[in-house]
Structure formats: structure tokens, C-alpha cells
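Read through the structure below, which is laid out as C-alpha cells, and then see the notes.
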Amino acid sequence: MTNHELFQRARKLLPGGVNSPVRAFKSVGGEPFFTARADGAYLWDVEGKRYIDYVGSWGPMIAGHNHPKVREAVERAVRDGLSFGTPCPGEVVMAETITRLVPSMEMVRMVNSGTEATMSAIRLARGATGRSKIVKFEGCYHGHGDSFLVKAGSGALTFGVPTSPGVPAANADLTLPLPYNDLHAAELLFAEHGSGIAGLIIEPVAGNMNCIPPQEGYLQGLRRLCTRHGTLLIFDEVMTGFRVALGGAQALYGVKPDLSTFGKIIGGGMPVGAYGGRRELMEQIAPAGPIYQAGTLSGNPVAMAAGLAMLELVQAPGFYETLAARTRLLTDGLQAVADGEGVPFSTNRVGGMFGLFFTHEKVSSYAHATAADTAMFNRFFQGMLERGIFLAPSAFEAGFLSSAHSDDDIAETLDAARATMRLARAG
Ligand SMILES: Cc1ncc(COP(=O)(O)O)c(C=O)c1O
Ligand SMILES: N[C@H](C=O)CCC(=O)O
């Protein structure tokens, strides 16, 4: 069966042929490939073509695909059963691990996806404060909950529907969007609405309008603002958690949120999310308190085993230093290739995540990111794909490295970029 044949079959039964929009290659053109297997830094499609993968299942695969330690942990767990519907030991170890590695997480609730984590976190923020409004940032994505599909990033931005039909106006009106990296705008908004804002949710490093780090002092400024107005600061670390540093972006930038959300890496490739934070807030979650949130498969034993094995791997000495150095090798190398070809290009990187932009500007805002040349990105994407390099199929998604990416993989990627960059510019 070829990629094309599978996509034809998929399109008959799955909307757009996929189960998550960003996979569909709709904005970059062409058809997605279907992965038959993955190992280390590589994917192989059903036709046997190998790709160096910079998507990493959209973040979780920080130690590379199919890592033997994760696979063995899953195999061991599966022998004892797939789901119990009772508490299991892995949930306790997971809570102990997360709270040890991320000190702001005094208590944790496990869920099944990043979307569930963020939806639950804002319910808690609303329940705990008795307020209704939430603040989010233009181009940030927090999953597909109604409150978040307002000026959202990721596929919503890629496909031109940042505010989705189907979100009731009454709901969208409670979401106040702000420009990312603009503290003054936040101060003005809080001056007007501060007493009604339950929570401010932010990707501490934006990764869903491509990768945009916070400017110096920005997250600290938001922390001060939230404290002053009695608003809960929520760091959505679904992408950045255990990605940009062992303790997440909050450790990297030294800012303590009231609540945080996690996903991706903590599931080791299984469907997992988590939210947590200050004890007196988390104790308001059912059954300890009145704010209801539940999940049939939450804390699933196989998912906990995968996540715990992954969290063990990232605690190896030097893990994040090596990952960051490799990411730098890649982005500096790509910049040199682009400069050599006279292509307008800039990059961002934090730890093991990076962004590529076809613009001369250093990208620090949504406006910069959306002003970059997406047609040039699309041509670059296609040229790289042809040469066996898989970048995220959108100009508005961050890229990810894993500890399995070798210097040789990066050299091969730069060779492909040398052959592609000029074609991308030529159009
Ligand atoms: C920052 C962020 N928050 C939340 C989500 C939602 O997670 P999920 O796709 O697991 O629902 C994502 C990714 O999709 C994300 O990148
Ligand atoms: N940008 C999204 C999450 O990080 C991509 C994953 C998805 O929505 O399928």
C-alpha cells in the first residue's frame, strides 16, 4: 500500500484524512506520508523511505522514537493489564516524580491529553476565584477547548481559523486575548478587567506560532500583574515541560506559576496530560473539594509506565546541555546556509525546541511570525521532505530535537538545506 493509496482511503472516512489537522499537509501542499515505524531520530514511511524527524510526535519523543527503556517499561506494564479503573502504583510514582522535579507542582491530577489538562486548569481557576474571565495570548494554543479557540495558534492559525466556528459567543467573550511579549498591553487590560480575571494562561515559550521565547522580564512582569490582581498565573507547559529544561520553562526563567499543565513528554508517547500547582488550589478538585473533573482512563498504568521511563531518561546528567548544544548546531548551521544563499531567514531556539522563519527580523511576536514568508517556508519544507528531512508541516509550529539526533543527522540535514534553500528563494 502506498502513501497516496492510504490517504485516498483515509479521506473517505476521516475528516481531511487525518485525526488531527496539523498532520494533513494542507498548508504546505501535497499529501502526508504514513509512518510504518519509527526508531531513534528516524521515521520510515509505508514505502520504506527514511526521514530524519524534527517533529518527534509533536514533542513527546525527546529521547528519540521507540527508546528501548520506554518500550521495555510498556511491555512490562502491559503484562499486568491495560486498565484497572482503580488507583495503581504508577500514578503515585508519577505524582512524586513531577512534584519533585517541578516544585510549583505541590499536587497533581493526571488526565489523558494536554487539552484536558488546560480545560481542567481553567475550570479550577474559575472555581477557586469565583471569576469568569480568562486571559490568553494571540498565537498561543492550549488544545481545542472552547475557551482557547480564540486567536489560537497551531492548526487553527495554520488553516486560518484562529477563532473557531462552534465556540459560543458567550464563551468566547470570556476569553480576553493579548499580544505575546507585550507587557504594557497586559497592564492596560488588567487595569480595566483585573478584578474579573480568574486566570491568565500562557505558553511560557510560545511553540504554536512557531517558537518564540519570552523577552527578558516578561514572564516576571506577568507574575507581578497576576499577584496584584488576584488572578491565577497558569503556565501551559504541555510543550515546554521537560523540553526546555528539566523543571520546564518555569525553572529556566525562574518564575513560579500558581497552576501548570503538562502533557507530551510525561506520557512518553502515550496519551497523557496533567495539571497541578498550589496545594490549597488542588485540594478544591473533586473528591477532595467541589470542583469536578474526572477521567475513566486517567492515570492509566501503561501510560504511567511509559511516562516514568521517559522522565528517568531526561534526568541523565548533561541531558539538556547536550540537547541544547545539538539544537544550536542545527539552527546556527541553517542560518549559515541561508546567509550564504542570501535568503531572508532567522531562527529561535530554547533547549530542545526551535523555530525557523523566512524573514530578516528576529521574531519575538505574533505579528513578526505571521509576517514571515510562508510561501518560502512551504517550498523549503517540500524540498527538505524530498531529501528525507521531516520538518513540522506548517510555518507556525515549533521543531523538536531528541537526544537520538546525532551530529551526522544534523550534517545530513544541513546538506539537504544547502540543496533546498536557493530553490525556496527562487519560488
Ligand atoms: C502548549 C500546548 N497546550 C496544549 C496542547 C494540547 O495538547 P493535546 O494535543 O495533547 O490535547 C498542546 C498541543 O497540542 C500544546 O502545544
Ligand atoms: N501544535 C500542536 C501541539 O503542540 C500539534 C499537535 C496536534 O494538534 O496534533
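The values are calculated or read from the model by the stated rules, or taken from the named source; none is laboratory data. Fair warning: this is a prediction, and the values are worked out from it, not measured in the lab. Cβ atoms come from the backbone with ideal geometry, glycine included; neighbour counts cover every protein chain shown. To get the accessible areas, we keep the full protein, side chains included, count just its heavy atoms, and leave off ligands, DNA and RNA. Shrake-Rupley method; radii C 1.70, N 1.55, O 1.52, S 1.80 Å.
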Checking T227, T115, T331 against a Gaussian network model of the chain (alpha-carbon springs below 10 Å), the top fluctuating residue turns out to be T227
Rg over Rh, two decimals, the stretch 320-372 (C-alpha only, Kirkwood Rh)
1.00
Given a 1.4 Å probe and the protein chains all in place, what does the accessible area of C211 round to, in Å² to the nearest 10?
0 Å²
If r is the Cβ-Cβ distance from R328 to K69 and R0 is 35 Å, what FRET efficiency results, to the nearest 0.05?
0.85
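Could you give the accessible area per residue of the stretch 68-314, probe 1.4 Å, as a whole number in Å²? Don't jump to the answer; show the numbers that get you there.
Details: 9440 Å² over 247 residues.
Result: 38 Å² per residue.
Ignoring ligands, DNA and RNA, what percent of the 1.4 Å accessible area of the stretch 68-314 is carbon and sulfur? Could the numbers behind the result be given before it?
On the way: 5280 of 9440 Å².
Accessible surface attributable to carbon and sulfur in the stretch 68-314 totals 56 percent.
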Per-selection Kirkwood Rh - the chain (Cα, Å, 1 d.p.)
21.9 Å
Output needed: percent of Cα pairs per 5 Å distance bin for the stretch 161-218, bins running from 0 to the one holding the longest distance.
4, 14, 22, 23, 20, 13, 3, 0
Tell me, what does the Kirkwood hydrodynamic radius of the stretch 149-253 come to in angstroms if you use every pair of distinct C-alpha atoms?
14.7 Å
For the stretch 1-142, just the Cα atoms, rotate onto the principal axes and tell me the three extents in Å, largest first.
52, 41, 28
As a test question: what accessible area, to the nearest 10 Å², does D332 have when a 1.4 Å probe is rolled over all protein chains in place?
70 Å²
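Can you tell me how much longer the chain between A172 and A185 gets when fully stretched, taken as 0.36 nm per residue apart minus their C-alpha distance, in nm with one decimal?
Full extension from A172 to A185 adds 2.7 nm.
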Rounded, prolate or oblate (a/c below 1.5 giving rounded, otherwise prolate when a/b exceeds b/c) for the stretch 33-117 by Cα gyration tensor
prolate
Could you compute the longest span of the chain free of GluC sites (Glu not before Pro) located in DSSP loops and having at most 15 other Cβ atoms within 10 Å, not counting the site residues?
107-215
Would you tell me the accessible area of S104, worked out with a 1.4 angstrom probe on the heavy atoms of the protein chains, in Å² to the nearest 10?
10 Å²
Rounded to the nearest 500, what is the chain's calculated 222 nm mean residue ellipticity when only DSSP H runs of at least 4 contribute -39500 (n - 2.57) each, over all residues?
-12000 deg cm²/dmol
Just how many % of Cα pairs in the stretch 199-282 lie over 19 Å apart, if you round to the nearest whole percent?
35 percent
Give me the base-10 log of I(q)/I(0) for the stretch 68-314 at each q in 0.10, 0.14, 0.16 Å⁻¹, Debye formula, one uniform scatterer per Cα, rounded to two decimals.
-0.45, -0.88, -1.14
